[in-house]
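Student: I am attaching a structure below and will ask some questions about it afterwards.
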Amino acid sequence: MSKMEKIGRADIQIGDQTMACPLYEGTEGEKALDIGALRKETGLITYDPGFMNTGSCSSDVTFIDGEKGILRYRGYDVDDLAENCEFVEVAYLLIHGSLPTAEQKARYSDLLNKHSMIHEDMREFFSHYPEHSHPMAVLSAMAVSLSSFYPELGENHKEDLDMTVTRLLSKLRTIAAFSYKKSIGDPAVYPQHDLKYCENFLNMMFNSPVIENPYNQTMVSALNKLLIIHADHEQNCSASVVRAVGSSGANLYASISAGICALWGPLHGGANQHVIEMLEGIQAEGGDIDKVIEKAKNKRSPFRLMGFGHRVYKSYDPRAKIAKALCKEVIASTNKHDPLLDIAMELEEKALADPYFIERGLYPNVDFYTGLTYREMGIPTNMFTVMFAIGRLPGWIAQFMEMKKDPQGRIARPRQIYTGPNARKVIPIDKR
Ligand code: CMC
């Protein structure tokens, strides 16, 4: 791994002390200053809240150019992959480093199929969550529970790790669907050997003895593409969490479970649920879009336009473009009209013409249109982030595996600048 090249050095001047720092460059020209010896040589640490400028690792997996709106997995543009591949191929690409041949894909799909059931005792768990549990809480708990039913196999044997990875990829989708069926009181629908990954999921979610054709092939194709656009996004919050948890030696299931929790937050993957809630709110209040834009711009209000803005993209998120097109396709396939799409498009148009959003480079992100598309498929709003998690899983796994193989790898352990009280003595309780 790591084709990071040393391209010279830069001197940092601290008082009268000069420290020479190696300079590195990645394969797409991103340059970095290596301050690994900073504390040892100068006694200083760096201060970078939110890791705005901190490279935590080198990585071969995903490249983003936020200014140009480029996203590539292992060198392939995300739109090329979404157009020409199924999600399973992209999962294979992220995890194994190359696209599968037809034979490899068939073998992989077969393996995913074989491992798609969950232990029957695990189904019992669903009965013990309160009725209104958030599906992300259930997903995270079930993901870590897999480690007791299917202990992680020896990391030193490639085949064993492949098996753990395959189990996780296959079973997380089954867990998500079972949890939905349980929440609506329907009987579980088991995975079927003759259905591919995405269709199998939709079938487990929606198949019912009393509903005819609960999904169509446009939805199957759209789901493949949606999961592809979610599949990785380099060192985002949840991927960094997966790496950090894994860096302590915790197993893959535990690390993924932590990643699911990180994704849940409204500033990360949870935004897709909040976008729909925001659009529904606008609709309920008579469609006053200007009012919402003003509220988002008001610095005294904590409200933000959900599905807008991104730490890395300062131009249109390439995933949002794909999601917008998919949303229209899925709506057309159902012959329905969704007024929320009209509201979303008007909101986008008005925000993109507003100086506040222009000056700050705030564009729709992946979450702006994905929720609307999931909604058209019949997926309930509180499961949108679960869909994101299913899509992001191969990326988390690829990041975890890369972290494990990194010869520079160490436990993730940032430092801090302490600002609390200085040393003091405990006053006995009767004198406080
Ligand atoms: N609405 C209104 N103002 C915004 C928004 C927004 N959605 N996003 C950023 N800003 C403003 C922010 O107030 C700040 O203004 P100022 O410079 O005047 O203080 C400026 O833009 C820069 O924002 P920031 O908070 O410093 O940027 P960040 O990189 O720390 O945050 C973000 C990125 C995604 C958390 C943020 O844009 C946001 O909260 N967006 C809404 C939530 C959302 O859609 N999240 C999904 C992200 S994409 C999928 C994923 O990562 O999972």
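Student: Which members of the range 204-223 meet the condition of being within 19 Å of Ile175 (Cβ to Cβ) and either touching a residue at least 24 places away in the same chain (Cβ under 8 Å) or buried (at least 20 other Cβ atoms within 10 Å of the Cβ) (or both)?
Tutor: Met204, Met205, Phe206, Leu223
Student: On to the next question. Would you confirm whether any residue within the range 404-418 is more than 16 Å from the ligand (Cβ to nearest atom), β-branched (Val, Ile, Thr) and either without any contact (Cβ under 8 Å) to a residue 24 or more places away in the chain or not assigned by TED's automatic domain parsing to the domain that holds Val138 (or both)?
Tutor: Looking through the range 404-418, at least one residue is more than 16 Å from the ligand (Cβ to nearest atom), β-branched (Val, Ile, Thr) and either without any contact (Cβ under 8 Å) to a residue 24 or more places away in the chain or not assigned by TED's automatic domain parsing to the domain that holds Val138 (or both).
Student: Of (1) touching an Asp or Glu at 6+ places or on another chain (Cβ under 7 Å); (2) modelled with pLDDT of 95 or more; (3) closer than 18 Å to Ile282 by Cα, Glu349 satisfies all except one. Which?
Tutor: Glu349 satisfies all of (1) touching an Asp or Glu at 6+ places or on another chain (Cβ under 7 Å); (2) modelled with pLDDT of 95 or more; (3) closer than 18 Å to Ile282 by Cα except (1).
Student: Can you find even one residue in the range 327-334 that is open to solvent by 20 Å² or more (accessible area, probe 1.4 Å) and under 24 Å from the mean Cα position of the chain (by Cα)?
Tutor: yes
Student: Search the range 114-133 for residues being of a type in the set (Phe, Trp, Tyr) and not in a loop (DSSP other than H, G, I, E, B), and hand back the single one that is farthest from Ser148 (Cα to Cα).
Tutor: Only one residue tops the list, namely Phe126.
Student: While we're looking at this one, here's another question. Identify all residues within the range 93-113 that are free of Cβ contacts under 8 Å to residues at least 60 places away in the same chain and assigned to a helix (DSSP H, G or I); write none if there are none.
Tutor: Leu93, His96, Ala102, Glu103, Gln104, Lys105, Ala106, Arg107, Tyr108, Asp110, Leu111
Student: Applying the selection to the range 224-271, what residues are small (Gly, Ala, Ser), in contact with a Ser or Thr (Cβ under 6 Å, 6 or more places away or on another chain) and closer than 9 Å to Trp396 by Cα?
Tutor: Gly259 - this is the single residue of the range 224-271 that is small (Gly, Ala, Ser), in contact with a Ser or Thr (Cβ under 6 Å, 6 or more places away or on another chain) and closer than 9 Å to Trp396 by Cα.
Student: Right, something else. Filter the range 248-298 down to residues that are aliphatic (A, V, I, L, M) and outside any helix (DSSP H, G or I) and give me whichever is surrounded by the fewest Cβ atoms within 10 Å (Cβ to Cβ).
Tutor: Filtering the range 248-298 for residues that are aliphatic (A, V, I, L, M) and outside any helix (DSSP H, G or I), the one surrounded by the fewest Cβ atoms within 10 Å (Cβ to Cβ) comes out as Leu267.
Student: Still on this structure: Answer yes or no as to whether Ala271 is touching an Asp or Glu at 6+ places or on another chain (Cβ under 7 Å), within 16 Å of the ligand (Cβ to nearest atom) and in contact (Cβ under 8 Å) with a residue 60 or more places away in the chain.
Tutor: In short, yes.
Student: Oh, and also: What is the number of the single condition among (1) under 26 Å from Leu263 (Cα atoms); (2) assigned to a helix (DSSP H, G or I) that Asp342 does not meet?
Tutor: (1) is the only condition that Asp342 fails.
Student: Here are some conditions: (1) open to solvent by 40 Å² or more (accessible area, probe 1.4 Å); (2) out of contact with any strand residue (DSSP E or B) (no Cβ under 7 Å at 6 or more places or on another chain); (3) not β-branched (Val, Ile, Thr). Glu234 meets all but one. Which one does it not meet?
Tutor: With (1) open to solvent by 40 Å² or more (accessible area, probe 1.4 Å); (2) out of contact with any strand residue (DSSP E or B) (no Cβ under 7 Å at 6 or more places or on another chain); (3) not β-branched (Val, Ile, Thr) applied to Glu234, the lone miss is (2).
The values are calculated or read from the model by the stated rules, or taken from the named source; none is laboratory data. Everything quoted here is computed from the prediction, not taken from an experiment. Please note: Cβ atoms are built from the backbone with ideal geometry, for glycine as well, and neighbour counts cover all protein chains shown. Remember, those area values only see protein heavy atoms, side chains included, never the ligands or the DNA or RNA. Shrake-Rupley method; radii C 1.70, N 1.55, O 1.52, S 1.80 Å.
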